[in-house]
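K.L.:
Provided herewith is a single structure, encoded as structure tokens, for subsequent inquiry.
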Amino acid sequence: MEPHPLTWLFAVALLASLATKLWLATRQMRHVAAHRDAVPAAFAQRVPLQAHQRAADYTIAKARFGLLTTAFAAAVLLGWTLLGGLDALNGAVRDAVQPRWGDMAYQLTLLATFVLIGALLDLPFEWWSTFRIEQRFGFNRSSGRLFAVDLLKGLLLSAVLGLPLAALVLWIMSRTGGWWWLWAWGTWTAFVLLMQLIYPTLIAPLFNKFEPLRDETLAARVHALMQRCGFAAKGLFVMDGSRRSAHGNAYFTGLGASKRVVFFDTLLSTLSPGEVEAVLAHELGHFKRRHVLKRMVTTFALSLAGLALLGWLATRSWFYSGLGVLPNLSAPNDALALLLFALALPVFGFFVSPLAALLSRRHEFEADAYACAQASSADLASALIKLHQDNASTLTPDPLYVRFYYSHPPASERLAALRAQAA
């Protein structure tokens, strides 16, 4: 039997995306290696050659490991789809569960089994990344026990939150007719907003400790900044990021009255009060320029379009057979449709990801400009250099790799923009 055009389209897209990813990674490694022995002139006075070389080695090590994980992920995806892995799993779960426990139990078991197998397949790579690459460059501070506890907590949390949501979506798909995707979108949107509200107080503390910022001088400075910017937060907190990693960060989380400012303890140990203020002003810039709202609206709009597309595809038998799965004749195909769509969408979405990266980089420039109006541009520039150095971020990425992947502009471009802003 002649393969369906969807089969050819998916196979070509998968191979093209894989080839592009591998090509970009090799470009990145060659470019970084070629500039390893000289610090760029813009950073020569601030970044030692040894730190620059360490960042180059770290970038190359991660990119080389990324070649392996990318190829493995493509092989797993091919195995799930065109080579019949999902079809075999579906048949086994359906025959074992559906006759005894019914349609809903069968579909939830299929979803849970698929997720569990995926987690087991990814586990060796996560372990190697943490305890080999991050350990080698001095970033990992997690223990084997903490790694295992985090993994178990994550799986349990996924089950507690994910299974009820999946059951509700499956119920909607089976009971609300051809417009099920609209009801499912409303349910998913409400769930996302609910998570934004409860994550800071109920979920994040399951993995990290959060303590109020005790540096009164810094707290007063941060409060003054937020007052100037017209931003209200429920509190300033320090997170024990050093428990797992030496990387530093700061972020806002929550919605409405649940918004809070969180500093990694590693960040506070690295930056001066003025630099912390500048970094926070940058993050406030995302709120003041409505980047967070724009991204949320875009996400909701894209999810609506995606579910509408799935609503149409789920009624076409070629959608299943074209991706290597025989649709059920005596059981619902809703869970199968969700899994196939989740597997296939990233393959085609990969080719528009540079547009999302471009918009994100523009937002970063806008947030930097806002920070310069509210804090010291020199402090922000100094903080960026320190963060790049402490996180071993390369100062010489491949330009094409940047355009395709980077959600933040390279340090050289950000510093040039900051100098222009100050002038």
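Only the coordinates and a few stated rules stand behind these numbers; no lab work does. On a predicted model such as this, the values are computed, not experimentally measured, just so you know. Methodologically, a virtual Cβ is constructed for each residue, glycine included, from the backbone with ideal geometry; neighbour enumeration extends over all protein chains shown.
K.L.:
Quick one: putting +1 on the C-beta of Lys and Arg, -1 on the C-beta of Asp and Glu, what dipole do you get for segment 233-306 around its Cα centre, in Debye to the nearest 20?
P.N.:
400
K.L.:
Considering only Trp180, Leu170, Thr113, whose Cα is most displaced toward the positive end of the charge dipole of segment 86-193, charges sitting on Cβ of Lys, Arg (+1) and Asp, Glu (-1)?
P.N.:
Positive-most Cα among the choices belongs to Thr113.
K.L.:
Just to confirm a number: summing +1 for Lys and Arg and -1 for Asp and Glu over residues other than Leu49 whose beta-carbon lies under 13 angstrom from that of Leu49, what do you get?
P.N.:
+1
K.L.:
Roughly what % antiparallel, to the nearest 5, for the DSSP beta bridges in the chain?
P.N.:
That works out to approximately 65 percent antiparallel.
K.L.:
Let me ask something else about it. Can you give the angle from 0 to 90° between the axis of helix 273-288 and the longest principal axis of the chain, with both taken from C-alpha atoms, to the nearest 10?
P.N.:
Tilt relative to the chain: about 40 degrees.
K.L.:
FRET efficiency for Ala119 and Ala13, Cβ-Cβ distance as r, R0 = 25 Å, nearest 0.05?
P.N.:
It comes to 0.50.
K.L.:
Still on this structure: State, as an integer percentage, the relative contact order of segment 305-423 based on alpha-carbon contacts under 8 Å between residues 6 or more apart.
P.N.:
Across segment 305-423, relative contact order equals 27 percent.
K.L.:
I want the local charge near Ile198. Using Cβ-Cβ distances under 14 Å, sum +1 for each Lys or Arg and -1 for each Asp or Glu among the other residues.
P.N.:
Charge balance in the 14 Å sphere: +3.
K.L.:
If Lys and Arg each add +1 and Asp and Glu each add -1, what is the summed charge of the other residues whose beta carbon sits under 13 Å from the beta carbon of Met226?
P.N.:
Neighbourhood net charge equals +4.
K.L.:
Rounded to the nearest 500, what is the chain's calculated 222 nm mean residue ellipticity when only DSSP H runs of at least 4 contribute -39500 (n - 2.57) each, over all residues?
P.N.:
After summing the helix terms and dividing by the residues of the chain, the value is -23000 deg cm²/dmol.
K.L.:
Further, regarding this structure: Which label marks the calculated value of Cα extents along the principal axes in Å, given the options (i) 85, 52, 37; (ii) 68, 49, 42; (iii) 72, 59, 41?
P.N.:
Recomputing Cα extents along the principal axes in Å here picks out (ii).
K.L.:
Also, quick follow-up: Can you tell me, using C-alpha contacts under 8 Å and at least 6 residues apart, the relative contact order of segment 1-135 as a whole percent?
P.N.:
21
K.L.:
Under a Cβ-only charge scheme (Lys and Arg +1, Asp and Glu -1), can you give me the dipole magnitude of segment 1-145 about the Cα centre, in debye to the nearest 20?
P.N.:
For this selection, approximately 820 debye.
K.L.:
Would you please put 202-210, 372-380 in order of how densely packed they are, using the mean number of other Cβ atoms within 10 angstrom per residue and starting with the highest?
P.N.:
372-380, 202-210
K.L.:
Also, I was wondering about something else. Among the lysines in the chain, how many pairs, 8 or more places apart or on different chains, have alpha carbons under 29 Å apart?
P.N.:
For the chain, qualifying lysine pairs total 20.
K.L.:
Output the peptides 240-247, 353-360 sorted from most to least packed, where packing is the average of other Cβ atoms within 10 Å over each peptide's residues.
P.N.:
240-247, 353-360
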